[in-house]
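Reading through the structure tokens given below for one structure.
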Amino acid sequence: MGRKSFRFVSLLLAPLSLPIASPLAADEFRSPSLTALRVDWRATLDQLRTEINSRPQIAGDFIFAPRRSVPRYDPRAMPALVQLNAVSSQFFTGIARSSVPVLLPFDTAAYLETQRSGAPASLSLSRFQADFNSVDLFDAGPAGYSATFSLEPGAGDGMPSRVFARPVEVQITGSALIYDIADPSGGKGEPVKPLAATYPDLRRFIREGYVRYAFTRFGVAYVVSIQCLDSVAKPRRLACKEAYPVAERFLKALRIAGGQRMRPLTDMASGIIDRPSERSADFSYRPSGDIIPNTGYRNRGGHPDVMAYAQIRFPLEKAPAFVRSQSYAKRDRNEGPIGYPWRDNFCESRSFEVWQCAGGYGHQGEDIRAADCPPPGEGRAPCDPKQRGVVAVRDAIVIRGAKDQAVTLEVNSRTEHIRFRYMHMNPQVLTADGVLNGRTVTEGEKIGVVSNYLDHPAGTSMHLHFDVQLFTRDGWIWVSPYVTLVSAYERLIHARGREVGPEIAGTPQPVAHALPEDVVKPDLREGSSGEEN
């Protein structure tokens, strides 16, 4: 993975083997590897100076001369950034926690100049944000930052003339941590000529239901995205081509809004994860990728993946719980009632794009069902089938608007930049309980109950949909959460499960990982919709 200590190698996923080391046991799981990017803070200061100098009235307020009497990573070493963070933190809470330069459609210099001229305090913030509303979500941390803005229908000159049912939502993430995924679709896209001078490496592409604009600046990976349809427009959804001018307006408005130099992050190597030594008498699971036959897109198979992408708390409050198909259960003739063994349902046929699935489309996550309530008995605790708790899998920040059906938890640390999404809980109840944008939750905290909400109550079976998204140079992409859930369940029950069933037919899919130097041969080293999800 560069810098002498690590190197990327391709690993076969099912069965997993190392072509340059001894084969792994069939039931061993691996952690992912990540690349840590190096931030060019000097280039950041040069860009900030240019932006500030465009407003001579306030240019003299910022100090760009470094203070050499303080340690290199002390914030005071870059006083202009400290001053900038003090201004922008009024609107973007915690912006100084970002380890990367924060690019937002916020013109700090124009805002300060207007304030100095005696403008009324009630002046709309959208005036300084290219007509975008006040930020809906802002989260900054050791890996970088994420933000979500919206543009009202009809707002902004030159925007699409069609009136949408709701504001257009634009997301941006900047990260110094990139997950190493051998993604055959990764890195592709087309240039955007009107923006080429500002973003020389900018590429536009449509992936997994979003139009995305990826670029590198100051050594950092940034992705701007808008959810859209890669087809004709619909009354409640944008076509991706309609989203182009909104995204490009956003990109043209980006300015340095804050961030702070910190100690560099380090690369993370893939490794074999620890699992309980005691064997469970009950828990068993079929292999990753072993979906019910002929339930994949165009009857394609599942995706074998032995990666535990994060060490998480299992998302249901109590065991037993079962990962099983909720859409094709009647086809699973070889299995009895809902129970063990678990069976993977990632990549079952859906209309959602998923890069790991063989046909490019599939189920983006796993369906999880709580055990049925046992019959009442002496000494047995009461059991309400409508009150099976759902908990936070990690300490994280919540991403969720008041009407959203999905709850997403984002982890932003020195070793991870990852998201976990929950679906089918009742949105009205979630909102009433304050499960909304910006709330912080702790691992194991109850955030809802297993339900059957899909556009309306009783729209699906009583279960939880759970998925995992990683940040890559293509933005947030879905990966198989199956092994991550197996590993989490083993920790919940304090026992190791047993893999059962046949090996998966077909060619294993590779994922790139970084291995410790002693595993790599010296001569191979390199240099430094209304449809259910």
*So how strong a dipole does the chain carry about its Cα centre when Lys and Arg Cβ are +1 and Asp and Glu Cβ are -1, to the nearest 20 debye?*
1040 debye
*Put +1 on the Cβ of each Lys and Arg and -1 on the Cβ of each Asp and Glu in the chain; which of Cys240, Gln115, Cys383 then has its Cα farthest toward the positive end of the dipole?*
Gln115
*Toward the positive end of the charge dipole of the chain, about the Cα centre and with charges on Cβ (Lys, Arg +1; Asp, Glu -1), which of Ser461, Gly156, Gly475 goes farthest?*
Gly156
*What 222 nm value per residue comes from the helices of the chain, counting each DSSP H run with n ≥ 4 as -39,500 (n - 2.57) and dividing by all residues, nearest 500 deg cm²/dmol?*
-3500 deg cm²/dmol
*Does segment 36-258 classify as rounded, prolate or oblate by the C-alpha gyration tensor (a ≥ b ≥ c root eigenvalues; a/c under 1.5 gives rounded; else a/b over b/c gives prolate, otherwise oblate)?*
oblate
*Once you have a ≥ b ≥ c as the square roots of the Cα gyration tensor eigenvalues for the chain, tell me rounded if a/c is under 1.5, and otherwise prolate or oblate according to whether a/b is larger than b/c.*
prolate
*Percent relative contact order of segment 36-258, based on C-alpha pairs within less than 8 angstrom and at least six residues apart?*
23 percent
*So what are the ³J(HN,Hα) numbers for segment 276-286, from phi and the Karplus equation (6.51, -1.76, 1.60; θ = phi - 60°), rounded to whole Hz, Gly and Pro as x?*
x, 7, 6, 8, 6, 6, 10, 5, 9, 8, 7
_Can you tell me how segment 342-448 classifies by the Cα gyration tensor, rounded, prolate or oblate, using a/c under 1.5 as the rounded cut?_
oblate
*How big is the charge dipole of segment 168-226 about its Cα centre, in debye rounded to the nearest 20, if each Lys and Arg gets +1 on its Cβ and each Asp and Glu gets -1 on its Cβ?*
220 debye
*Hey, can you grab everything whose amide H is under 5 Å from the amide H of Val323? Only 5+ residues off in sequence or another chain; H modelled, so Pro and N-termini drop out.*
Arg343, Arg369
_Those trypsin sites (Lys or Arg not before Pro) in segment 414-506 that DSSP places in a loop and that have at most 16 other beta carbons within 10 Å_ = Arg439
*Mind checking which of Pro71, Leu103, Pro184 is farthest towards the positive end of segment 36-258's charge dipole, using Cβ charges of +1 (Lys, Arg) and -1 (Asp, Glu) about the Cα centre?*
Pro71
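Bear in mind that the values in this text are calculations on the coordinates, not laboratory data. Since the model is a prediction, treat every value here as computed from it, not as a measurement. Backbone-built Cβ (ideal geometry, glycine too); neighbour counts: all protein chains shown.
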